[in-house]
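A.B. asks: Please see the structure below; I have some questions.
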Amino acid sequence: MRSSFIERKTTAAALLLLAAGCIAPLHAVAQEMPKLVEQQGRATLMVDGQPYFILGAQVDNSSGWPERLDAVWPATERMRLNTLEVPVYWEQMEPTKGAFDFTVVDAILQQARAHKVRLVLLWFGTWKNGKMHYAPDWVKSDTVTYPRMKSKAGVAIDVLSPNASANRDADSSAFAALMRHLKQADTQHTVIMMQVENESGSLGLVRDFAPMAQKQFDAPIPADLMHALHKNGAGNWAQIFGDDADETFAAWSVSRYINAVAAAGKKELTLPMYVNNWLKSPRAFPVTTVPGDDYPSGGPTINMFPVWKAMGPSIDLIAPDIYIPNSERYRAVMREFHQPGNPLLIPESLGFEPFPGASGYARYLYFALGDGAIGFANFGLDRLHVDEPLSAESLAQVEGFRLLGSFATELAALKFAGNVQTAVEENGISQKELAFGGAGAPAWRVVVSFPPSYDPPAAPISTTSDTTGLHEGRAVVALLGPNEFLVAGIDCRVQFALPVHSSGRHPEMLKVEEGRYDGTTWVPLRLWNGDETDYGLNFGSKGSLLRITMGSY
Ligand code: DGJ
């Protein structure tokens, strides 16, 4: 039986509240455990009893230290992030076997609270990028008690064996200690989710060939796996899986191991837990890549997804780390991992200027939002130096996050209710059309064009869009009521139109308010009219949030 934390049902009352857009105020349910909820094909993280969209970033690998984080908070604030992903290092937390040091974790909790930011903690335990470099030195230096993976020739590598129960038990007991500590040190749930290990699997070998692992490999495949994969007959790994036997065996070994770690943690504190994935084909597609060589073997890659789902009931979701510059391929990966029972989360995305001078990545957050993601995080927040002049691409990223951050709570509720769509600029496509409302036929068409323009006549106001040359127009359109919309846009023009067959009626803007949200309260700042509405609603590169009431005559 799966003990997955995803709940597929919410109460009718909660749904009514959601639909009406009037979620209970934060303090009423502040102590509720964060959880994942999936309903009618849509998923969300619930934090303090309300839908939550992770608007996040991940710090560099060696930045999960209080002193280092001090330098990162200004960037968190500048981007209006609601979540920071921070590693917790096994080597730091358990310097000697059984003696735990939580001073670093406690300091991180305190800093996050002071900055009103939630945390996703990343457990750098047995695996980090297909290696074992974060294991404590008492594990590293005792290869008899804590066996390494070995080649056919018996040569050990710097990866712990996933087939050794001593390794699994040592990691499980450390992770359980962390969760036990959070249970008493974090009753307010500053930590909303846990990542168990990091890009697990092995680099250097496709699987463990040590005698103890080989014995398992030569044995008949366990019935539960055969059943889960809908395989008939009996046989060992080589007989059933042929060319894929080594990698499948590795995935079975790693997924069972990490499931045991997650289960030990959940026994202490039932926070949602996920694993992240070093993609099988990170750059181009299709391409042949070799497990253990091009990517960690046995990790939760898409080809091993069914094995992981079958063996990982305590793992709530498998998340792709996407570092792909090609937007079509990027979106294809999102679609692969977004499956029923596996909400879409992108815990690592191309961060700040991964390729100097390149652009286009600021759009990816909006693609993810439109595809129903529960969260999105850029990698390497340390590189955003807010006291230095930012490049055009970094600015585009910052503005994209800031705009969503100005209504993050409302956005999460609207998204979970199924009322959010996005339109994102793509090469060669100057216009996208969204359809909203109406039973059977749309009541409103929303036409989003890139870049913004004031035609006719010639632009009375210049926009910055053309000067950046970034082509990163983005719009989020949310339906608030039958004729009411929330629109957040950057570098685009938004126009409302009636359905094509609308009996000669003409659309009319009754009210266009620019404003922001203070929690769930709308704070109007000014009305748009005249040049700001006569040529469609033009959004500049800084972005604006509008509440619009439409009518027709
Ligand atoms: C993916 C890993 O998960 C991160 O910890 C980090 O090493 C990045 N790659 C570096 O780009």
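The values are calculated or read from the model by the stated rules, or taken from the named source; none is laboratory data. Worth saying up front: this structure is predicted, and the values here are computed from it rather than measured. For neighbour counting, all protein chains shown are included, and Cβ atoms are generated from backbone atoms with ideal geometry for every residue, glycine included. Just the protein is used for accessible areas: all its heavy atoms, side chains included, with ligands, DNA and RNA removed. Shrake-Rupley method; radii C 1.70, N 1.55, O 1.52, S 1.80 Å.
A.B. asks: Taking the stated definitions as given, is V88 outside any strand (DSSP E or B) and in contact (Cβ under 8 Å) with a residue 40 or more places away in the chain?
C.D. replies: no
A.B. asks: Right, next: Return the residue satisfying two criteria in turn: it lies in the range 303-324 and is more than 12 Å from the ligand (Cβ to nearest atom) and over 24 Å from A213 (Cα atoms), and of such residues it is farthest from the chain's Cα centre (by Cα).
C.D. replies: Ranking the qualifying residues of the range 303-324, first place goes to I324.
A.B. asks: Please specify each residue of the range 123-147 satisfying the condition of being buried (at least 21 other Cβ atoms within 10 Å of the Cβ) and closer than 21 Å to F249 by Cβ.
C.D. replies: The answer is T126, W127, G130, M132, Y146.
A.B. asks: Continuing with the same structure: Which residue, of A488, A458, is at pLDDT below 90 and of a type in the set (A, V, I, L, M)?
C.D. replies: On the way: A488 fails: at pLDDT below 90.
After applying the criteria, what remains is A458.
A.B. asks: Which one is farthest from V47 (Cα to Cα), of the residues in the range 362-383 that are away from the ligand (no atom under 12 Å from the Cβ) and open to solvent by 10 Å² or more (accessible area, probe 1.4 Å)?
C.D. replies: Here the answer is R363.
A.B. asks: How about the range 226-258: which of its residues are under 28 Å from A174 (Cα atoms) and in contact with a strand residue (DSSP E or B) (Cβ under 9 Å, 6 or more places away or on another chain)?
C.D. replies: E247, A250, A251, V254, S255, Y257, I258
A.B. asks: If F352 meets every condition in (1) more than 27 Å from L205 (Cα to Cα); (2) open to solvent by 20 Å² or more (accessible area, probe 1.4 Å); (3) of a type outside the set (S, T, N, Q) apart from one, which number is that one?
C.D. replies: Just one mismatch for F352, condition (2).
A.B. asks: Just the residues that are open to solvent by 10 Å² or more (accessible area, probe 1.4 Å) and within 22 Å of the chain's Cα centre (by Cα), please, taken from the range 286-302.
C.D. replies: Answer for the range 286-302, where residues must be open to solvent by 10 Å² or more (accessible area, probe 1.4 Å) and within 22 Å of the chain's Cα centre (by Cα): just I302.
Table: residues versus (1) surrounded by 17 or more Cβ atoms within 10 Å (Cβ to Cβ); (2) among the charged types (D, E, K, R).
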residue	(1), (2)
E484	no, yes
V494	yes, no
G504	no, no
G519	no, no
R526	no, yes
N529	no, no
G540	yes, no
M550	yes, no
Y553	no, no
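A.B. asks: Here is a further query. Quick check: anything in the range 237-257 in contact (Cβ under 8 Å) with a residue 40 or more places away in the chain, within 16 Å of the ligand (Cβ to nearest atom) and open to solvent by 30 Å² or more (accessible area, probe 1.4 Å)?
C.D. replies: Within the range 237-257 (the criterion being in contact (Cβ under 8 Å) with a residue 40 or more places away in the chain, within 16 Å of the ligand (Cβ to nearest atom) and open to solvent by 30 Å² or more (accessible area, probe 1.4 Å)), the answer is no, since none of the residues qualifies.
A.B. asks: Quick one: count up the residues across the range 39-79 that are part of a loop (DSSP other than H, G, I, E, B) and either within 14 Å of the chain's Cα centre (by Cα) or surrounded by fewer than 17 Cβ atoms within 10 Å (Cβ to Cβ) (or both).
C.D. replies: 7
A.B. asks: Looking only at the range 93-133, count every residue that is among the polar types (S, T, N, Q) and more than 16 Å from the ligand (Cβ to nearest atom) and tell me the total. I'd like the intermediate steps shown before the answer.
C.D. replies: Restricting attention to the range 93-133, the residues satisfying the condition of being among the polar types (S, T, N, Q) are 96, 103, 110-111, 126, 129.
Within this subset, residues satisfying the condition of being more than 16 Å from the ligand (Cβ to nearest atom) are 96, 103, 110-111.
Of the residues in that region, 4 qualify.
A.B. asks: Could you tell me how many of the residues in the range 225-259 are under 17 Å from N163 (Cβ atoms) and not aromatic (F, W, Y)?
C.D. replies: The number of residues fulfilling the criteria is 15.
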